[in-house]
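Here is the structure we will look at, set down as structure tokens.
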Amino acid sequence: MLHFQVLGPLEVFDDGVVVTPTPPKVGRVLALLLLRANQVVSTDAIIDELWGEDPPPSAVGTAQTYIYQLRKCLDPRIRTGGEWLLTKPPGYLMRIAPSQLDATTFEALSRQGRQMLERGQPEQAAPLLRRALELWQGPSLANLRRGGLLQAHAIHLEEDRMRTLELRIQADAELGLHRQLIGEIRSLVATNPLNEWLYGQLMVALARTGRRGEALQTYQDLRRVLDHQLGLTPQPELQRLHRELLSHGEPEMSSTWLYRSVLSAA
């Protein structure tokens, strides 16, 4: 059975052998069909992805040629019987099973992990969320030149990846793995300097491993970044967490905001 990868470079595997179409625009057509699998993708959408607002006069015929090349490349490897790439006015429909696409598997694992976390079962949520994140091999569709439609899909997938990562961090925090989380969250803060939720998790992890001074310094770092870049102050929940650390040395009720906010965002 063919397996398709979009969580990283676009790749197609047939029993572990790479059979990815090599023409760049054929790859972009394939990616668009995959990201709208089992839905009709109009010829107009394919033209928009490939040429934007300035398509050539031959755009329709050229798009049909790319569909023909895609079928020619993958038809010999389809062993399930029946058509897999159907002509369905006003365009085409790619028929695949959920297990054939890594993005679909990722979404299912992430959803299951979130449900386990909502049920108060972080020990079951964490491995599901790890499995989801392990499917990623780099930025989505990293080997393709992305037009507007594929770029929008890639941004959406990256947002889903970040939400899943936050859920996994929350699950690990509930399991008491604060010390193990500190280095990872520091790295994430460096690459996501406006993500207040990450700062809050870092403050809690530091405080619960006896590093209250560093937790308080983390708050000051966030305050400076928000003020310098946006003219804002940290949100009230983080201000409350800061006061708790100053007065008690340990996060109390404010840390529950981290749990509620990550679930509501997922």
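The values are calculated or read from the model by the stated rules, or taken from the named source; none is laboratory data. For clarity, every value in this text was computed on a predicted model and none was experimentally measured. Every residue, glycine as well, gets a Cβ built from its backbone with ideal geometry; the counts of neighbours run over all protein chains shown. Each accessible area value is taken on the protein alone, full model and side chains, heavy atoms only, with ligands, DNA and RNA left out. Shrake-Rupley method; radii C 1.70, N 1.55, O 1.52, S 1.80 Å.
Quick look at the numbers
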{"read-out": "Within segment 121-141, backbone nitrogen closer than 14 Å to the virtual label 7 Å beyond the Cα of N195 toward Cβ", "value": "133"}
{"read-out": "Mean projection area, nm², convex hull over Cα of segment 1-63", "value": "4.9 nm²"}
{"read-out": "Farthest positive-ward along the chain dipole, Cα basis, beta-carbon charges - from H228, M203, F4", "value": "F4"}
{"read-out": "Pairs of Cα atoms farther than 32 Å apart, the chain, %", "value": "39 percent"}
{"read-out": "Extension reserve of the R130-S187 stretch, reckoned as 0.36 nm per residue once the Cα distance is removed", "value": "18.8 nm"}
{"read-out": "Dipole of segment 129-183, positive direction: furthest Cα of N143, A132, L165, with charges on the beta-carbon", "value": "N143"}
{"read-out": "Accessible-area order (highest first, 1.4 angstrom probe) of the listed residues E174, E166", "value": "E174, E166"}
{"read-out": "Accessible solvent surface per residue of segment 130-266, calculated while the other protein chains remain in place, 1.4 angstrom probe, Å²", "value": "50 Å²"}
{"read-out": "Net charge dipole size for the chain [Lys, Arg +1 and Asp, Glu -1 on Cβ; Debye, nearest 20]", "value": "240 debye"}
{"read-out": "Solvent-accessible area, 1.4 Å probe, carbon plus sulfur percent, for the chain", "value": "51 percent"}
{"read-out": "Gain on full stretching of the segment that runs from Q239 to Q217 - 0.36 nm per residue minus C-alpha separation", "value": "6.6 nm"}
{"read-out": "Distant alpha-carbon pairs in segment 145-197 (separation over 19 angstrom), percent", "value": "40 percent"}
{"read-out": "Folded to 0 to 90 degrees: helix 102-118 orientation relative to the chain principal axis, Cα", "value": "30 degrees"}
{"read-out": "Sequence of H228, H248, H178 from largest to smallest accessible area, 1.4 Å probe", "value": "H228, H248, H178"}
{"read-out": "Dipole magnitude of segment 1-74, debye to nearest 20 (Cβ charges: Lys/Arg +1, Asp/Glu -1, about Cα centre)", "value": "200 debye"}
{"read-out": "Geometric extent, Cα atoms of segment 36-124 - Rg, Dmax (angstrom)", "value": "18.3, 58"}
{"read-out": "Solvent-accessible area of W136 with every protein chain in place, 1.4 Å probe, in Å² to the nearest 10", "value": "30 Å²"}
{"read-out": "Linear extension gain, E159 paired with V60, 0.36 nm per residue minus alpha-carbon span", "value": "32.4 nm"}
{"read-out": "Per-selection metrics, segment 170-232 (Cα): Rg and Dmax in Å", "value": "11.6, 36"}
